[in-house]
Every structure is written in structure tokens, then in C-alpha cells.
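Participant: Have a look at this one.
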Amino acid sequence: QVQLVESGGGLVQAGGSLRLSCAASGTIFINDMGWYRQRPGEQREPIASALRDGSTTYADSMKGRFTISRDNAKKAVYLQMNSLTPEDTAVYYCAARTFGGAKYWGQGTQVTVSS
């Protein structure tokens, strides 16, 4: 089992930045850690992911303003978000996939960007 706890969400003005953190616990080896978001009335969408070897991938629409990073020693993944706009208002979720293919989700953290 893997437990994921996100933190760092909150209210920020347009143009501002936030850094989300996600800490994993449990004894399962994690391969892929990533971030998703779900905007009001929309489906959950991927933002970025980071493999254990440090390689990263981004959804095309998320490139440029979002940066994912990972600390394997801390079993943590981070999302730096810059130049935020009200359209970035969403619940942001951390996800992890083990080497066995099982996927786990955090409870989500709310990010609200005011205009």
C-alpha cells in the first residue's frame, strides 16, 4: 500500500506562484510519481510525471509554467507552478504507480487563483 499526502495548495493572486508537495509513505517501491488536476466541471487531466530515474514528461498544455521534481530519498514529488491564472483553479492530485503497476491517489489539494 502507498499513502500519498499533498500539501501547498491555497489561494494565490493571478501571476503568482505555488509549490505543491506530495509525500508518499508505505513500503512499496514507486516507479512513477505525478500530478493531475481537476478543474470545476471538468475531468481530471494529467500535468506531469517523474520516473524514479529522474526522467520527466509533461502534458503539452502544461509545458512552460509547471515544473515537476522528485526526491527519491524522501519519497516525495513536487510541482512548481508559475504565472498562475484563474484557469489554473482546480483540485490538484498526486499519483503514484508502483513497479507492479498499481496506482494510488492522494486526497487532493485545492488551488484557487484569484483575478
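The values are calculated or read from the model by the stated rules, or taken from the named source; none is laboratory data. Nothing here was measured: the structure is a model prediction, and the numbers come from that model. Cβ placement follows ideal geometry from the backbone for every residue including glycine, while neighbour counts extend to all protein chains displayed. Please note that ligands, DNA and RNA were not included when accessible areas were found on the heavy atoms of the full protein model with its side chains. Shrake-Rupley method; radii C 1.70, N 1.55, O 1.52, S 1.80 Å.
Participant: Which of 71, 88, 60 moves the most in a Gaussian network model of the chain with Cα springs under 10 Å?
Facilitator: Per the Cα network of the chain with a 10 Å cutoff, 60 tops the list.
Participant: Roll a 1.4 angstrom probe over the protein heavy atoms and tell me the percent of accessible area of the chain that is carbon or sulfur.
Facilitator: Numbers: 2970 of 5940 Å².
The C+S portion of the solvent-accessible surface of the chain is 50 percent.
Participant: Can you list the aspartates and glutamates whose alpha carbon is less than 18 Å from that of residue 74, not counting same-chain residues fewer than 8 positions off?
Facilitator: 6, 32, 53
Participant: Using a 7 Å offset from Cα along Cα-Cβ at residue 17, what residues in segment 55-80 end up with backbone N under 13 Å from the label point?
Facilitator: 65-68, 79-80
Participant: Follow-up. Using the heavy atoms of the protein chains alone and a 1.4 angstrom probe, what is the accessible area of the chain per residue in square angstrom?
Facilitator: Here the per-residue accessible area is 52 Å².
Participant: May I pose another question? Mind checking which aspartates and glutamates have their Cα closer than 17 Å to the Cα of residue 63? Skip sequence neighbours fewer than 8 apart in that chain.
Facilitator: Answer for residue 63, where 17 Å is the Cα cut-off: 45, 87, 88, listed by chain and number.
Participant: Applying the Karplus parametrisation 6.51 cos²θ - 1.76 cosθ + 1.60 with θ = phi - 60° to the phi angles of segment 107-112, what ³J(HN,Hα) value in whole Hz is obtained for each residue in order, glycine and proline being reported as x?
Facilitator: My calculation for segment 107-112 gives 7, x, 9, 7, 10, 10 Hz in order.
Participant: Return the FRET efficiency for the residue pair residue 63, residue 29: r is the Cβ-Cβ distance, R0 is 22 Å, and the value is rounded to the nearest 0.05. Could the numbers behind the result be given before it?
Facilitator: Values: r = 28 Å, r/R0 = 1.29.
Using R0 = 22 Å, I get an efficiency of 0.20.
Participant: Turning to a different aspect of this structure: With N set to the residue count of segment 21-110, report its C-alpha Rg divided by 2.2 N^0.38 Å to two decimal places.
Facilitator: 1.05
Participant: Still on this structure, please answer the following. Apply the Karplus parameterisation 6.51 cos²θ - 1.76 cosθ + 1.60, with θ equal to phi minus 60°, to every residue of segment 51-58 and state each ³J(HN,Hα) to the nearest whole Hz, in sequence, with x for glycine and proline.
Facilitator: Per residue, the Karplus-derived 3J(HN,Hα) values read 7, 4, 7, x, 5, 10, 9, 10 Hz.
Participant: Determine the relative contact order of the chain: mean sequence separation of Cα pairs under 8 Å and six or more apart, normalised by residue count, in whole percent. Numbers along the way, then the final one.
Facilitator: Numbers: 288 pairs, mean separation 42.5, N = 115.
That works out to 37 percent.
Participant: Next question. If the label point is 7 Å along Cα→Cβ of residue 1, which residues in segment 23-44 have backbone nitrogen under 14 Å from it?
Facilitator: 25-28
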